[in-house]
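> Pasting a structure below so you can have a look.
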Amino acid sequence: QVQLVESGGDLVQPGGSLRLSCAASGSIFNFATMGWYRQAPGKERELVADIAIRGYTNYADSVKGRFTISRDNAKNTVYLQMNSLKPEDTAVYYCKGDLRLGGGIVWGQGTQVTVSS
């Protein structure tokens with residue numbers, strides 16, 4: 001079974017940057033779409049950004065212009081570049097993959113991002 005492993009979460013000051021990585025144990029071409037979600041304490045998990053197999057991207061309004069999702073097919077990895085971070089970006093960030101041909105959904109274990117001075 002394909003697994004997703006996130007990394008890159010950290011404590012960063014407001015205005016700072018982080019890059020999250022989501023590495024798949026197999027080919028990311030197994031996934032029709034891959035995305036980043038986040039969940040803050042006491043809140044529901046929400047979509048941050050996703051990217052389709054053809055490269056189309058989609059962003060939450062709250063991160064447009066600050067975050068960029070990308071994929072490296074050779075490394076089977078999806079990235080989330082986060083710039084101009086705000087305290088309200090603090091959350092556990094999860095990688096999600098939607099398997100092709102109705103194969104189901106795969107979630108990573110999450111990585112903590114804390115934005116604080």
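> Does Ile69 fit the bill of being open to solvent by less than 30 Å² (accessible area, probe 1.4 Å), at negative phi, without any contact (Cβ under 8 Å) to a residue 40 or more places away in the chain and out of contact with any helix residue (DSSP H, G or I) (no Cβ under 9 Å at 6 or more places or on another chain)?
For Ile69, the condition - open to solvent by less than 30 Å² (accessible area, probe 1.4 Å), at negative phi, without any contact (Cβ under 8 Å) to a residue 40 or more places away in the chain and out of contact with any helix residue (DSSP H, G or I) (no Cβ under 9 Å at 6 or more places or on another chain) - is met.
> Now for a separate question. Just checking, which of Gly35, Gly26, Gly97, Gly55 is touching a strand residue (DSSP E or B) at 6+ places or on another chain (Cβ under 9 Å), assigned to a loop (DSSP other than H, G, I, E, B) and more than 24 Å from Ser117 (Cα to Cα)?
Gly55
> Given (1) modelled with pLDDT of 95 or more; (2) under 14 Å from Asp98 (Cβ atoms), identify the lone condition not met by Ala60.
Only one criterion in (1) modelled with pLDDT of 95 or more; (2) under 14 Å from Asp98 (Cβ atoms) is unmet by Ala60, namely (2).
> Also, quick follow-up: Look through the stretch 3-32, keep the residues that are over 22 Å from Asn83 (Cβ atoms) and surrounded by 16 or more Cβ atoms within 10 Å (Cβ to Cβ), and return whichever of them is farthest from the chain's Cα centre (by Cα).
Asn30
> Could you list, in sequence order, the residues of the stretch 100-117 that are open to solvent by 40 Å² or more (accessible area, probe 1.4 Å) and either without any contact (Cβ under 8 Å) to a residue 12 or more places away in the chain or touching a strand residue (DSSP E or B) at 6+ places or on another chain (Cβ under 6 Å) (or both)?
If the condition is that a residue be open to solvent by 40 Å² or more (accessible area, probe 1.4 Å) and either without any contact (Cβ under 8 Å) to a residue 12 or more places away in the chain or touching a strand residue (DSSP E or B) at 6+ places or on another chain (Cβ under 6 Å) (or both), then Arg100, Leu101, Gly102, Ile105, Trp107, Gln112, Thr114 are the ones that fit.
> Something else now. Tell me, yes or no, whether the stretch 39-57 has at least one residue that is modelled with pLDDT under 95, among the hydrophobic types (A, V, I, L, M, F, W, C) and on the phi > 0 side of the Ramachandran plot.
No, the conditions are met nowhere in the stretch 39-57.
The values are calculated or read from the model by the stated rules, or taken from the named source; none is laboratory data. The structure displayed is predicted, hence computed values, not measured ones. Because the Cβ atoms are built from the backbone with ideal geometry, glycine has one as well, and the counts that use them run over all protein chains shown. All accessible areas refer to the heavy atoms of the entire protein, side chains included, with ligands and DNA or RNA removed. Shrake-Rupley method; radii C 1.70, N 1.55, O 1.52, S 1.80 Å.
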